[in-house]
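Step one of this worksheet: look at the structure below.
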Number of protein chains: 2
Amino acid sequence: MTRPADLPAMTDILDAADRLAGHAVVTPLLSNDRLDAETGARIFVKAECLQRTGSFKFRGAFNRISRLTDAEKQCGILAYSSGNHAQGVAAAARINGTTAKILMPEDAPRSKVEGVLFWGGEVVTYDRATESREAMGQAIADAEGRILVPPYEDPFIIAGQGTAGLEAAEQLEVLGATPDLVVCCAGGGGLIAGVGLAMRDAFPGVEIWAAEPEGFDDHRRSLASGQRETNERLTGSICDAIITPTPGALTWALNSTQLTGGAAISDDDALDAMAAAWRHLKIVVEPGGVAALAAVLSGKIDIAGKTVCVLATGGNVDRAVFERALARA
Amino acid sequence: MTRPADLPAMTDILDAADRLAGHAVVTPLLSNDRLDAETGARIFVKAECLQRTGSFKFRGAFNRISRLTDAEKQCGILAYSSGNHAQGVAAAARINGTTAKILMPEDAPRSKVEGVLFWGGEVVTYDRATESREAMGQAIADAEGRILVPPYEDPFIIAGQGTAGLEAAEQLEVLGATPDLVVCCAGGGGLIAGVGLAMRDAFPGVEIWAAEPEGFDDHRRSLASGQRETNERLTGSICDAIITPTPGALTWALNSTQLTGGAAISDDDALDAMAAAWRHLKIVVEPGGVAALAAVLSGKIDIAGKTVCVLATGGNVDRAVFERALARA
């Protein structure tokens with residue numbers, strides 16, 4: 001397997017898009033008259049919750065796994081994930097003729113575990129609060145000879161996620177819309193790194209903003225301090241998909257130069273945005289996936305008078321959490 | 001205003017598509033690996049719940065209203081609707097510089113009334129069980145000099161709705177998929193008439209199936225008897241969007257020759273399909289809008305081994321009904 005230079009470039013995203021054609025969904029760019037009227041802005045929502053396996057994660061996983069040699073495929077894959085990367089990896093593994101073992105937190109949403117099992121993935125659980133998934137994952141990969149497919153610290157993963165931004169940029173251009181801001185959630189920062197790369201290629205003046213849960217706003221704080229900051233905890237937000245200890249080293253090499261700023265949203269902001277997406281956009285978005293929309297609807301990022309592209313990154317949510325959002329509708 | 005011959009033809013759908021470009025959403029054609037695995041079929045869902053105003057009705061309303069002369073626009077519009085045509089008309093009226101008064105049943109979902117009000121429509125209510133909306137609507141139109149925009153008995157409306165089928169056919173062709181069946185809900189029959197026309201133009205051998213609520217299966221019974229049958233009641237289903245007394249005369253002229261058969265679904269079938277759409281497709285669909293998906297997921301239309309295009313026609317649903325669906329997930 002050949003690898004690009006450690007930092008992916010625009011050509012890697014274009015290459016990933018070719019590879020994903022016919023496998024990933026070209027997700028729609030949605031807008032809504034009522035949301036625009038309420039915010040005084042022009043909001044476009046890239047609906048990655050409609051992506052195969054229910055989140056953007058399929059893009060990076062497929063881009064990475066489809067490049068494995070036959071010998072590597074025989075080794076099988078090991079991945080760690082709160083559940084969306086897990087499903088993306090399990091699906092890409094099955095489609096590409098290999099197997100996946102996935103390390104998932106004990107408190108992962110049931111819907112995400114079921115998604116992995118559907119694709120034939122083998123699930124191993126760990127305690128999010130006390131165990132290091134990185135260390136456990138590496139240990140299993142070493143012991144079993146499996147290929148580790150990390151959730152964001154990999155140029156092919158970042159380039160694959162970037163195809164969501166490439167598509168959104170093309171869709172905006174068709175509409176004749178030039179975004180002032182792109183707002184994207186950030187966990188390890190792989191998606192926002194790739195999306196930022198593609199969006200700034202298409203729209204050089206566009207601002208890229210990170211949306212994170214309160215208490216897990218490591219990108220926002222890292223931008224402020226100029227160095228990678230670490231979150232104190234790894235539990236305590238309903239946004240399970242975007243809780244990571246710190247920005248990735250590789251992703252931060254891109255994000256530190258690409259990001260304008262960040263916003264930290266509360267659980268209630270996320271639930272309110274899920275309800276707005278349900279009511280107005282008619283899409284199902286999970287708490288972590290709705291963080292960017294929450295940041296703009298809650299006013300934590302000022303969008304008045306602006307054209308904004310927001311990524312809605314996943315829709316894998318259990319019923320009880322969705323009912324909490326509906327109760328606020 | 002010029003009118004085509006009473007029965008719309010394929011050229012009228014193509015003409016409507018040109019007119020709708022830039023105003024209506026090109027809604028995505030969704031599929032899901034798990035739904036396909038569970039049914040043993042290949043299911044494509046045309047997600048019209050993501051259409052502007054939350055249902056396909058905007059298509060026909062815009063196609064009709066955008067053709068009004070300036071003098072007609074000054075008269076204003078009168079429409080009767082359970083709520084989706086209402087919102088489509090209110091939006092198309094506002095966009096085209098005229099006003100709309102809408103006759104809606106007293107038990108219309110609150111979300112639908114709010115949608116009409118957002119677009120500046122004026123709402124007048126009637127009792128679905130005891131009053132004739134057709135007679136009341138005509139009386140108001142006559143008294144106030146308003147232009148009546150009927151929900152389905154109009155060639156421009158049928159042709160506008162048919163653009164959903166035109167798009168779906170184009171999307172299927174891009175995917176290299178040839179549908180064996182198209183399944184579409186039927187109220188007055190405007191959508192399924194237009195969609196059937198477009199789909200059979202693209203795929204001459206395709207079967208067109210109607211999905212209706214139990215007790216309101218006038219299309220299914222009319223196909224069996226060879227004449228337009230009437231429903232006994234006008235209340236008693238959660239599928240508010242597709243409860244009509246009888247197939248339209250104009251729509252039946254098309255549907256009687258285009259339809260292969262029909263299926264009658266229960267409230268529980270609709271709620272289960274809403275839950276499946278929430279869980280797997282990540283879209284919000286209302287009870288009437290999910291009838292076609294309910295017909296195939298409940299097994300009331302046999303799709304094993306087949307390629308099926310299903311229309312999910314609207315997503316305007318109140319919270320309490322959606323919670324009933326979630327409770328079955």
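The values are calculated or read from the model by the stated rules, or taken from the named source; none is laboratory data. Bear in mind that the values here come from a model prediction, so they are computed numbers and not experimental data. Glycine also receives a Cβ, built like all others from the backbone with ideal geometry; neighbour counts cover every protein chain displayed. Note: accessible area is taken over every heavy atom of the protein model, side chains too, but ligands, DNA and RNA are not part of it. Shrake-Rupley method; radii C 1.70, N 1.55, O 1.52, S 1.80 Å.
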Flag if A:T178 is open to solvent by 10 Å² or more (accessible area, probe 1.4 Å), in a loop (DSSP other than H, G, I, E, B) and outside the structural domain of A:H85 (by TED's automatic domain parsing): yes
Residues being surrounded by fewer than 22 Cβ atoms within 10 Å (Cβ to Cβ) and either in contact with a strand residue (DSSP E or B) (Cβ under 8 Å, 6 or more places away or on another chain) or outside the structural domain of B:A202 (by TED's automatic domain parsing) (or both) - total across the range B:13-27: 1
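This table checks each residue for (1) within 15 Å of A:T163 (Cβ to Cβ); (2) within 13 Å of chain B (Cβ to nearest Cβ); (3) open to solvent by 10 Å² or more (accessible area, probe 1.4 Å).
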| residue | (1), (2), (3) |
| --- | --- |
| A:R52 | yes, yes, yes |
| A:A61 | yes, no, no |
| A:G76 | no, no, no |
| A:Y80 | no, no, yes |
| A:A91 | no, yes, no |
| A:I95 | no, yes, yes |
Index of the failed condition, B:R42 passing every other in (1) within 14 Å of chain A (Cβ to nearest Cβ); (2) closer than 25 Å to B:R279 by Cβ; (3) not small (G, A, S): (1)
Flag for A:T230 being more than 14 Å from chain B (Cβ to nearest Cβ), open to solvent by 10 Å² or more (accessible area, probe 1.4 Å), more than 30 Å from B:D318 (Cβ to Cβ) and assigned to a strand (DSSP E or B): no
The range A:280-322 - residue that is open to solvent by 20 Å² or more (accessible area, probe 1.4 Å) and in contact with a helix residue (DSSP H, G or I) (Cβ under 6 Å, 6 or more places away or on another chain) and, of those, nearest to A:L30 (Cα to Cα): A:H280
Which numbered condition A:E173 fails, given (1) over 22 Å from A:A92 (Cβ atoms); (2) in a loop (DSSP other than H, G, I, E, B); (3) without any contact (Cβ under 8 Å) to a residue 40 or more places away in the chain: (2)
